[in-house]
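J.: My questions all concern the structure below.
The values are calculated or read from the model by the stated rules, or taken from the named source; none is laboratory data. These numbers were taken from a predicted model, which means no experiment stands behind them. Here the Cβ positions follow ideal geometry from the backbone for every residue, glycine too, while neighbour counts run over all protein chains shown.
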Amino acid sequence: MRLKLFLSFTLIVLVSVSLVAVIARRGAVNEVRSFMFRGGMYGLSDLTNSLENYYQINGTWKGVQSIFIPIRGEMSGMGGMMNQRLLLADASGTVLADTQGGAVGDKLTIVELATAIPLSVDGQTVGYLFASGGVGVSLVNQQAILTRLNRAVLLAGLVAGGLGLILALGLSYTLLRPVHALTIAAQKLARGDLSHRVVVHGDDEMATLSHSFNQMADSLQQAEEARRAMTADIAHELRTPLAVQRANLEALQDGVYPLTSENLAPVIEQNYLLTRLVEDLRTLALADTGQIELERTPTDLTSLVERMVERFQPQAGSQQVMLTLTPPADHIPQISADPLRLEQVLTNLLSNALRYTPTGGQIELLLASTDGSVQLSIHDSGPGIPDQALPYIFERFYRVDKSRARAEGGTGLGLAIARQLARAHGGDLTATNHASGGALFTLILPVAR
C-alpha cells in the first residue's frame, strides 16, 4: 500500500512538473523571441510600437520622419546604443527614414531584411526597422540565450521534481502510518487479542476511524468478557441443583432414604429450579435476537396491576409488609401488550421488592400517564441499591448481595428478563434510589394507538 501510494504521488509529481516545465519553457521562449525580434535587445521595443501605432492611425508612412528627429540626438548620448543607425523601410524594403539621413530611397539588402524588425498592423507587414552599429545581439547570441534559458527551465524542473518526490515519500509515510497501525491492531484482534487499541492523533477522518475501531474493540472485549462470565455463571447455576438431585437420587438408590413422596420433594424442587433457569435463558436468548413473540391485545394496565397486587398480598402479609396500589390521579389509557408477559415482568419486580423489603416495611405502586405512555412505579422501603451496583442491576446473573443463597436470591436473571420484555413492548424499565430511601423501579409502556 505504501509503495502504491508513493508511486501514485511520484506519477502526479512527474506529470505536474513536466507539464509546468513544458509550458514555462514554451511561454518563456515565445516571450524572449518576441522581445528579441521586436527590438528588445536593441532597446527599440518602444520605437517599434510607436511606428506601428503611427501607421495604424495614419494608414501611411508619410511624415514618419518626424518620429526619427528626437532619436538622432538620443543615439549619440546612449552608452549601450552609441553610433547606432536606424533605418525605416516600407513593405517593399525601400528606406523611408534614416537617423543619419544618407540612405533614404535606397533598398534594404536581403541580409538586412532578414535581420530587420518587421512592423505589422492587423496581421500584415507594413514595413521594417533595421538597426546597425552600436551594441546589438546577433542571431547566434540569441540562440545561445534561448539555450541557456531552456537549460535553466530544465534544471528548475529537475529540482522541483526531486523535492516533490521527497515530499511524496514523506506524505505517503505520514498518511499510511495510522493505516499501518490499524492494520496491526486488526490483525491482533483477529488473533484474539481484544485488549489492543489504536493511538488516536488529531481529529480528521483517520482519527474518526481509529475511534470507531477502538469502540468496536471495546464492544468485542466487553461481549467476550460477558460471554465468559455468563458461561461460568450458567455452569455454576446448573452445577448446584444437579449435584443436589444426584445426591438425593443416589441416596434413594442406595436405600439411605426410603422412596417416599417426602424424599422425592427436594429432587422435584431442584428440577423445577433447573426448568425455570433454562426457560429464563431461552427468554433472554429470544430477546437478544428480537424473536420474542408477543400476543398483543388491548390491555387495561390498571386492572392487571390490581390483580398482581391481590396475588402477592398473601406473601406480603406473611412477611408483614404493606403492599398498596395508590389510585391513579387521571384515567390510565389502554395499552397494546401481551398480558402474560407483563405479568411475568410484574412478578419479577414484586418478588424482587418483597425480597429486599424488611419486616414491617411497605411497597407502594403508583400508576400515571404521560404524553404517549403510561408509567408504573414500584417503591419499596428496603435498603436501596448501592451506588456501585446501579450500573449493573439489569445485567444477567448479577446479585447485589453476593452471599445470598440461591433459594432466596433467585438466579439473577429476573431483572434482566423484565427489562428485555419491557423493551420488546416498545417501552423500558429503569432503576434508581428514591429520595426518601429504598429502591424505585419505573416501568414505561407506550399507549395503544
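J.: Tally up the residues in the range 211-243 that are over 18 Å from residue 396 (Cβ atoms) and touching a Lys or Arg at 6+ places or on another chain (Cβ under 9 Å), please.
T.: Selection size over the range 211-243: 4.
J.: If I ask for residues that are touching a helix residue (DSSP H, G or I) at 6+ places or on another chain (Cβ under 8 Å) and without any contact (Cβ under 8 Å) to a residue 40 or more places away in the chain, which ones from the range 424-446 would you list?
T.: Correct list: 428 only.
J.: Kindly evaluate residue 275 against the criterion of being in contact with a Ser or Thr (Cβ under 8 Å, 6 or more places away or on another chain) and surrounded by fewer than 15 Cβ atoms within 10 Å (Cβ to Cβ).
T.: No: the conditions fail for residue 275.
J.: Let me ask something additional. Test residue 272 against the criterion of being assigned by TED's automatic domain parsing to the domain that holds residue 427 and aromatic (Phe, Trp, Tyr), and give yes or no.
T.: No; evaluated as a whole, the condition is false for this residue.
J.: So in the range 362-380, with the set limited to residues that are surrounded by 20 or more Cβ atoms within 10 Å (Cβ to Cβ) and out of contact with any His (no Cβ under 9 Å at 6 or more places or on another chain), which one is farthest from residue 325 (Cα to Cα)?
T.: Here the answer is 374.
J.: Of all residues in the range 103-117, which are part of a strand (DSSP E or B) and without any contact (Cβ under 8 Å) to a residue 60 or more places away in the chain?
T.: Hit for the range 103-117 is 107, nothing else.
J.: Still on this structure, I have one more. Scanning for something at pLDDT 75 or above, among the aliphatic types (A, V, I, L, M) and in the same structural domain as residue 86 (by TED's automatic domain parsing), does the range 127-149 turn up at least one residue?
T.: yes
J.: For the range 366-382, give me each residue that is in contact with a helix residue (DSSP H, G or I) (Cβ under 7 Å, 6 or more places away or on another chain) and not hydrophobic (A, V, I, L, M, F, W, C).
T.: Selection gives 380, 382.
J.: Does at least one position in the range 320-333 carry a residue that is touching a helix residue (DSSP H, G or I) at 6+ places or on another chain (Cβ under 8 Å) and small (Gly, Ala, Ser)?
T.: no
J.: Then there's this: Among the residues of the range 274-286, write down those that are under 14 Å from residue 412 (Cα atoms) and without any contact (Cβ under 8 Å) to a residue 60 or more places away in the chain.
T.: 274, 278, 279
J.: Right, another one. Find all pairs meeting these conditions: Cβ atoms under 7 angstrom apart; at least six residues apart or on different chains; first residue within the range 202-224 and under 21 Å from residue 176 (Cα atoms); second residue small (Gly, Ala, Ser).
T.: So the pair list comes out as 213/185.
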